Structure formats: C-alpha cells, structure tokens
Amino acid sequence: MATRHGVVSLLLILAGPLAAQRAQIGVKGRVQERGAPRPGARNPTHVLPRRVETGSIELPPNPDQVAREKLRAAQPAPLPFSEDQTHRIVRSVASPTAPSPLPAVADTGVLYPRPRPAYDGASLAGLLPEFRIPDPRQPEPAVPNRWRIGFPSWQRYESARIDAPYARDRWWDPFNRNKAKGDYPIFGRHAFLNFTGSSDTLVESRRVPTASNVSAADSGSFNFFGRGEELSVRQDFRLSLDLFRGSAGFEPVSWEVRFTPQFNINYLLARELGVVNIDVRRGIRRTDDHAGVQELFFEKRLGTNSASMFRKSNDPDDRGSPYYDFTSIRLGIQRFTSDFRGFIFADEQAGARLFGNLKNNRLQYNVAYFNMLEKDTNSGLNTFERRHQTVSIANLYWQDFLTQGYTGQFSLHYNNDQPTFHLDSNGFLVRPQPIGDPQPHKIRAAYAGFAGDGHFGRINVSNAFYQAFGRDDFNPIKGTPLHINAQLAALELSYDRDWLRYKASFFYSSGDSMESGQARGFDSIVDNQNFAGGGFLNNGLFADRGQTNPLFEGGGINLFNRQGIPLTGTGVNLVSLNSLMPTLRSSKDEGQANFVNPGIMIFNAGADAKITPKLKSTLNVNYLRFDRTEVLEALLFQSGIRHEIGWDFGMGVQYKPLLSENVVITSGISILKPGDGFKNIYPGQTLYSGFVLVRLLF
C-alpha cells in the first residue's frame, strides 16, 4: 500500500508543472492549436537564407585512430589466462629489473597511450598503458595566431547585405578588424599600430566690432567703427601614428610612441584694412598655411603601484597590485587638460608627465612640467621656437569623493613667464601687450583650486573654484609691480529627463578696481573653456590615455565664448577665442597673462536634446555683466561705462549620418544683443556668428 501511494505521489509531482504550464497559455496571450496545421498557413519564424553547400561532406580520418585500428587488426584474439598466469605476467612486465619477455613492436606513430604486446600475441593495452614522451628533435606543432582565432574570413549568408559576424577585414574599413586600427599585431604578438586620420572643414561668418583704422577700405567712411563682417574658411588634416606594446583593453601599455602632425590651410576675408595684417597694403584677404607637430612623445610604464614594485620578487606571478594600478611617464609634445572644463590649462605642449592611479583606479594623479612652444598666429599650431615660458601642474582626481558618482579634483598650477619681445605672423606686437607702458616683464603666478564633476542623485553637478596668487614684475596698465590676488568660480547644475537635459550655470571671474596695489582680475595660463554654451564640438576619440577628462576643444556655440572681440583703439582683445574671460590680453596663445582686467559674471540657462540617435542639438541663453569697469574707463578715457554686456543666444545642431564619429556635421548660430555697458564701448549693432563644421574621421 505504501508503495502504491508513493507511485501516485510521484505522478502528481510530475504532472503538476505540466498542468500549470498548460494553464498559462491563455494568460500569456497564446492559443493552443489543435489538429493538423492549416494549409497555406504562414510560418511566423523569420528564416535567413543560409549558404547551402552541394555534395556530401566527409570528415578527414584521424591518423591516431587509424593506427590503433591497424594494430588491433594485426593482433590475434586474446587467449584466456588463469588468474595466476595473469599476475605472473603483470609482475614480469612491471618489474624494472626483470627483462621484458615481450617481443619488440615496430613504431606505429601511436602516442599516449601506446599499447604493449603480451605473451603469445595477447594484448594488455587496456591494462598497462605506456606513456612515451615525443622525441624533442621533432618539429613543434604550429600554433594558430590567437588574435585571429574565431574571426575567419567567412560570410555566413549568401546575401552580402545582411549584417553578419566574421566579415572580412579590409585596410580601408575602420569598423571591422583592421591591422591599421590596432586589431592585429603588426609584428610579433604584442606590438600594435593604431592610425587615426581626421579632416576638419570649418566655414564661418561673423560680425564683430571693427575699427576703420588709419586707412579705411571704403573711401567714404568717416566713422570710427567700420564694417565688422568677416568670412573665414579653415581646413585641417590631422594624422596620428600610435605604436605601442601590450593589450590596452586588459592592462596599460608597456610602452608607446606617438607622432601626430597637423596641416592647416586658412582663408580670411574682412571688410576693413588692417585686420588681416598690420600693413594696410596687404588688403582685406589673407590665405595662409602651416604644418605643426602636435604630438611627439614616448611613454613607458614604470610598474604597478604596490609594495612589490619596490622589492625584488622571487615569484614570477607576482605582478603587484591585483587591480593593476600603475605609474607611467610620458616625454615629449603631448596633449593635456588640467581640469574638467579647461579653465586654467588645455594645450598640446612639450614636456614631461608622470601619471598613474591608486586604490583600484579610485585615485588618479598627474605631475607635469611643460616648456612651452610658440604658436603660429593664424593656425594656432605648434612651431619649434621656444616660448621662454614654463608651466608646472600637479593634480589628483578622487572618484566617489564624498558620495558615489561624484569625482573631486585638487590641483596646483605654476606659470613662470619670462620677459620677451614678440611680433606675431601678421606683424602685430603681442609681447609685451601694446597698451599703457609696454615693457617686457616677468609673471610668476600660481593657482590652487578644487573642481568636481558627477551627480548627487539625479542632479548632475560640475563646479570649480580657483585662487590665483603670485607677482607681476611690471603691469603695463598700472605701470607698477603688482601682487596677484584673483578668483574664479563656476557651477553648473543639470537634470536629465528622457532625451532632454536641462541645465543652468553661473560663471564668475574677479575684476580689478584700479584702486588697490594688487592685481585683482583673474586670468588663466592657456584656457579652452568648455562651459556656458561651450564644448559642443568635443571629440572623445581624441581622449588622452590615463586622463580622467577627455574634453579638449572648447568649440563654443555662443558668440561670447567662441569669437575674439577686439577692444578697438588699444591693440588688445576684450575677450579671446574660446574663452569666457575679458582679460584684455593681446593673444591667448602668444600673449602674456594680464591680471588687471574687468572680470565677468555669466548667468546661463540651456537644454541639450538627443532628438534621434543620429541628431542632437543644444540651446543656450547667457546674460553677461562686467564685474568691474574701472579698467575700461581708464583705457578708453571714458567715464560712466555700465556693467551690462548683454544677452547672448546660441543654438547648435550635430548630425551623424553613419551613427558613428566617422562623419559628423555640426552647425551653429549665435546672436549677441548688446546691453548698456557694451553700447558704451561699441556701436549698438547686433553681433552674430554662424558656422558649419564637417569632420571626417578614420
């Protein structure tokens, strides 16, 4: 009876899940079909046209198996032995001293195990295997290249239009496996070459305040301000050859050599004389070209950051940190951005850099020293002439600082700019700045700051604060040596909702009041600010290995952070290209920092939209005010200059037709509506800027 109940219970246990699954058919929206299938019913399953091979397929025979079968066929059937005879045979064969009674067998090529013949032709192959080591003189078997295993040149389907894996590699195809893109070693098994080529074509039209100069282009022009319309075309070709050893996807490179030349052709059409060149006889057009080396460095990984790095290890498997925290050194011309938004230093310069990480990449550090090179005026590319300026930078990135998802950064900068005299390529004086008492002077300025980037809950936060201090041996505006005491502060809050990001930000750089014996206006070393409408053109593919922040190009959408606006009649700029600060500097690249300036306050509101995977846009509105205006009043001999600069509206659109970075089309337009303070300095004309940038990348 107990057995019967057990059988019934077992049947119920097995039938329960089947009944439950059958009962779920209606709940899941499916109806069970009964009977034979209906004639002409469509098969809902999508069947891809697989390649059909004609003829039968025969597998090649296994040589080892064939040899074993021949040996067994040549041997007679085993004879029955008694138990005593079997033990005697085993003892005689296994004894190391006893001579083997077995006859010699010719080498059949069968390896591990090789059967041993027994008495009277009987075989003990299943009982006594003999393991034989191959002859070391035999050639080693061919080992396939591990980088090509699993990626044969094979087309799965007959139709080439179907996106299938294992597509053939082609030298011109950057999407599939390509030796020129670092997918295969160029020699050996650890040396790779990565080639990157880009073409940037920029067409830009703008209107900025322009003076008629001593000789106006229009003979009937009697006003101080002339026609400020300009058209510029810029073509850049950038090639990068990166040779490195290692597997960058699994560990930092062991060593790396990178060479990046860049070629530039630029054209400018203005409507007033004295814009394209200091010599008015040059007219209103200029075509120029330049080739510069933007990267040329050697990088070497020094080791892993652990205690075993400083002692000799007897264990060959001891690699130091289990997280592969490392320290590397880089020597030569290299790209470096010192903070998240490029407020203080963002450039490609010659120098040495020690960098690495700690605590499972939670801490990242950089110690850099740059001996600055001169820049070409019209292209902004490097030359091989020394600038007589050195920059030292040390920073530390701390991920999950205070809370998860927020990265804090502590940094120190030191700028040592020697007194020099320099004319740019167009004949304008840029060092010392041609204003006030232009005497060559030394600037020694230090910057201590904290910056952060991340999120607190659903609120994205980006912030920065810098304190500048040091000494200017002779400021040409005040005509006296000055101690530097200036500040910069920035804060951006944003909120993501579906495909939209709403953001608001505030930017402040202190201005000078012309009363104290200090220089209170903030200025950077070489800024490329990605803030308040900037950074829309950033390309993450140019990210620096080992660097937390990959952003480099400012590429602002709004007019005030994209265009350089000259302060007419002074020989300096109110604001420089890709900068937010009105520093009264002759040139951001070739001039010296000036800590006697009006400063600025910017209130920003905007939104970024990912309309489709191929199309995104941005919209920004900035309200701008001078922090102090006393410097402008002293330079222009004009009192009562107000603080309001005006409203700056900017909109940009970026389209990626291939859904990748290989073809990117970016365009933008901005309008600056002057306020009362701007009208006190310039005419009341509305300023505008519009551009189209086409980037091709391999």
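Out of all the residues in region 640-681, which are part of a strand (DSSP E or B), among the aliphatic types (A, V, I, L, M) and under 27 Å from the mean Cα position of the chain (by Cα)?
Answer for region 640-681, where residues must be part of a strand (DSSP E or B), among the aliphatic types (A, V, I, L, M) and under 27 Å from the mean Cα position of the chain (by Cα): M651, V653, V663, V664, I665, I669.
Can you give me the number of residues within region 179-200 that are surrounded by 15 or more Cβ atoms within 10 Å (Cβ to Cβ) and more than 20 Å from the chain's Cα centre (by Cα)?
Residues meeting the conditions: 3.
Given the options I671, I665, I641, name the one that is touching a helix residue (DSSP H, G or I) at 6+ places or on another chain (Cβ under 6 Å) and not polar (S, T, N, Q).
I641
List the residue pairs whose Cβ atoms are under 8 Å apart, where the first residue sits in region 164-178 and is within 21 Å of T196 (Cα to Cα) and surrounded by fewer than 11 Cβ atoms within 10 Å (Cβ to Cβ), the second is small (G, A, S) and at pLDDT 70 or above, and the two are 6 or more positions apart or on different chains.
W171/A180
Results for (1) in contact with a Gly (Cβ under 8 Å, 6 or more places away or on another chain); (2) of a type in the set (A, V, I, L, M, F, W, C), shown as yes or no for each residue.
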{"position": "I565", "(1), (2)": "no, yes"}
{"position": "V575", "(1), (2)": "yes, yes"}
{"position": "E590", "(1), (2)": "no, no"}
{"position": "F595", "(1), (2)": "yes, yes"}
{"position": "M601", "(1), (2)": "no, yes"}
{"position": "G606", "(1), (2)": "yes, no"}
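Specify the residue that is nearest to Y495 (Cα to Cα); the eligible residues are those in region 594-620 that are in a loop (DSSP other than H, G, I, E, B) and in contact with a Ser or Thr (Cβ under 7 Å, 6 or more places away or on another chain).
G599
Could you check region 586-600 and list, in sequence order, the residues that are within 21 Å of P440 (Cβ to Cβ) and either out of contact with any strand residue (DSSP E or B) (no Cβ under 6 Å at 6 or more places or on another chain) or of a type in the set (A, V, I, L, M, F, W, C) (or both)?
Hits for region 586-600 are K588, A593, F595, V596, N597.
I need a count of the residues in region 674-696 that are in contact with a helix residue (DSSP H, G or I) (Cβ under 7 Å, 6 or more places away or on another chain) and without any contact (Cβ under 8 Å) to a residue 60 or more places away in the chain.
Going through region 674-696 one residue at a time, the tally reaches 0.
Given the residues F522, F542, F507, which is the only one that is more than 25 Å from F401 (Cα to Cα), among the hydrophobic types (A, V, I, L, M, F, W, C) and modelled with pLDDT of 95 or more?
Every option except F522 fails the conditions.
Yes or no: G554 at pLDDT below 90 and crowded, with 18+ Cβ neighbours inside 10 Å?
yes
Among residues belonging to region 626-639 that are crowded, with 18+ Cβ neighbours inside 10 Å and either outside any strand (DSSP E or B) or among the basic types (K, R) (or both), point out the one that is nearest to the chain's Cα centre (by Cα).
Once the filter is applied, the top-ranked residue is D627.
Among the residues in region 277-285, are any surrounded by fewer than 17 Cβ atoms within 10 Å (Cβ to Cβ) and assigned to a helix (DSSP H, G or I)?
yes
The values are calculated or read from the model by the stated rules, or taken from the named source; none is laboratory data. Nothing here was measured: the structure is a model prediction, and the numbers come from that model. Note that we place each Cβ from the backbone using ideal geometry, even for glycine, and neighbour counts take in every protein chain shown.
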